[in-house]
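Chemist: Okay, here's the structure, questions in a sec.
The values are calculated or read from the model by the stated rules, or taken from the named source; none is laboratory data. Computed from a predicted model, the values in this text were never measured in an experiment. Note that each Cβ is placed from the backbone with ideal geometry, even for glycine, and that neighbours are counted across all protein chains shown. Note: accessible area is taken over every heavy atom of the protein model, side chains too, but ligands, DNA and RNA are not part of it. Shrake-Rupley method; radii C 1.70, N 1.55, O 1.52, S 1.80 Å.
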Amino acid sequence: MLPGYTEELTQSPTAVDEPARDTATTEPLTERAVRAQVASVTRAARAQSGNGGVLQVVHGAKRVGWAAYELQRNATQLVQGVAKPPYVTTGPLDSLESRKLAEGVQYQVLYDRSALARPPQLDITTKLVAMGEQARVIHVAPTKLIMVDNEIALLPLTVSETSVESAVVVRSSAMLAAIARIFEDLWRFAAPFTADQDLSGHELQPTEEERWILSLLASGATDDTIGRLMGFSARTAHRRVRELISRLGVETRFQAGMQAVKLGWL
């Protein structure tokens, strides 16, 4: 689940090659110390509003990995996530997800297309879907994310090419509600995952109607013009355009036209 949020979590302390070091100190960071600090973050994140802040920052790739693991381990109903690079090791979180699915916890995972480009991940996701994971695919996901029971979310602050160097824990708040809404919107526009997933983008081929809308977008037509030519209202045209922009993983109308050409949709 969510490659890159974890290191090898099943190793014993003696199996760790080098103890990680805190970015703020030079003291060795043992596995026990990491667990204790992450447990503190988790407790603070789950506290009521009068007992802790809405946000808590987790520094260091190892701590972020343990935070992702602990948040999912404590899930009782629902885990929602976005999987995208950077990647490290996925095995421990995949094993944890298998156990949580068996316990009846629901998983909704939105995969960036590049997340499935790693050969092992496609096979792993196929197995997890067979166990009950709900999975969808988007061309470009905006960020990695884990959200548990609609109470706590974990998302990256700083990343390197291979790991998440720092992340923020967000507990029940207007910010968490906004994150949940963004996830819902991305989920609605994403394509369902299938075992024979075509990573070239062909399974996202548009309908003829969508091709017409995209061609009008590429020509610079406004929503009013698109609605008039397609036979529906400007409001409906606006909604359809926004859906296509989101589906293509871009931000602007111009980018949508360029991306459609790049994918061979036009």
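Chemist: Would you please list the contacts, defined by Cβ atoms under 6 Å and residues six or more apart or on different chains, that run from a residue in region 52-80 that is under 17 Å from residue 172 (Cα atoms) to a residue that is in a strand (DSSP E or B) and open to solvent by 50 Å² or more (accessible area, probe 1.4 Å)?
Modeler: 78/106
Chemist: Restricting attention to region 169-178, report how many residues are among the hydrophobic types (A, V, I, L, M, F, W, C) and surrounded by fewer than 16 Cβ atoms within 10 Å (Cβ to Cβ).
Modeler: Count: 4.
Chemist: Still on this structure, please answer the following. Limited to region 128-144, what total is found for residues that are of a type outside the set (Val, Ile, Thr) and assigned to a strand (DSSP E or B)?
Modeler: 3
Chemist: Report, by residue number, each residue of region 85-98 that is surrounded by fewer than 24 Cβ atoms within 10 Å (Cβ to Cβ) and at pLDDT 75 or above.
Modeler: 85, 86, 94, 95, 96, 98
Conditions tested, residue by residue: (1) outside any strand (DSSP E or B); (2) among the hydrophobic types (A, V, I, L, M, F, W, C); (3) touching a helix residue (DSSP H, G or I) at 6+ places or on another chain (Cβ under 8 Å).
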position: 72; (1), (2), (3): yes, no, yes
position: 76; (1), (2), (3): yes, no, no
position: 95; (1), (2), (3): yes, no, no
position: 99; (1), (2), (3): yes, no, no
position: 110; (1), (2), (3): no, yes, yes
position: 122; (1), (2), (3): yes, yes, yes
position: 126; (1), (2), (3): yes, no, no
position: 146; (1), (2), (3): no, yes, yes
position: 153; (1), (2), (3): no, yes, yes
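Chemist: Going by what's in this entry, would residue 101 be described as crowded, with 20+ Cβ neighbours inside 10 Å, touching a strand residue (DSSP E or B) at 6+ places or on another chain (Cβ under 7 Å) and at pLDDT 90 or above?
Modeler: In short, no.
Chemist: Sticking with this one: Name every residue in region 208-242 that is touching a residue at least 24 places away in the same chain (Cβ under 8 Å), charged (D, E, K, R) and open to solvent by 50 Å² or more (accessible area, probe 1.4 Å), in order of residue number.
Modeler: Hit for region 208-242 is 211, nothing else.
Residues are listed down the side, and each one gets a yes or a no for (1) in contact with a Ser or Thr (Cβ under 8 Å, 6 or more places away or on another chain); (2) assigned to a helix (DSSP H, G or I); (3) of a type in the set (Phe, Trp, Tyr):
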{"residue": "213", "(1), (2), (3)": "no, yes, no"}
{"residue": "217", "(1), (2), (3)": "no, yes, no"}
{"residue": "220", "(1), (2), (3)": "no, no, no"}
{"residue": "225", "(1), (2), (3)": "no, yes, no"}
{"residue": "232", "(1), (2), (3)": "no, no, yes"}
{"residue": "239", "(1), (2), (3)": "no, yes, no"}
{"residue": "255", "(1), (2), (3)": "no, yes, no"}
{"residue": "264", "(1), (2), (3)": "no, no, no"}
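Chemist: Got a number for residues in region 155-179 being in a strand (DSSP E or B), in contact (Cβ under 8 Å) with a residue 40 or more places away in the chain and of a type in the set (A, V, I, L, M)?
Modeler: The total comes to 7.
Chemist: Please enumerate the residues belonging to region 149-165 that are exposed (fewer than 13 other Cβ atoms within 10 Å of the Cβ) and of a type in the set (Gly, Ala, Ser).
Modeler: Within region 149-165, just 160 meets the criteria.
Chemist: Cβ-Cβ below 8 Å, separation at least six or inter-chain, first residue in region 180-193 and free of Cβ contacts under 8 Å to residues at least 60 places away in the same chain and within 13 Å of residue 247 (Cα to Cα), second open to solvent by 50 Å² or more (accessible area, probe 1.4 Å) and outside any helix (DSSP H, G or I): which pairs?
Modeler: 191/136; 192/136
Chemist: While we're looking at this one, here's another question. Filter region 243-262 for residues that are closer than 20 Å to residue 186 by Cα, in contact (Cβ under 8 Å) with a residue 24 or more places away in the chain and either open to solvent by 40 Å² or more (accessible area, probe 1.4 Å) or within 21 Å of the chain's Cα centre (by Cα) (or both) and give the result.
Modeler: Once the filter is applied, which keeps residues that are closer than 20 Å to residue 186 by Cα, in contact (Cβ under 8 Å) with a residue 24 or more places away in the chain and either open to solvent by 40 Å² or more (accessible area, probe 1.4 Å) or within 21 Å of the chain's Cα centre (by Cα) (or both), region 243-262 yields 243, 244, 246, 247, 248, 249, 250, 253.
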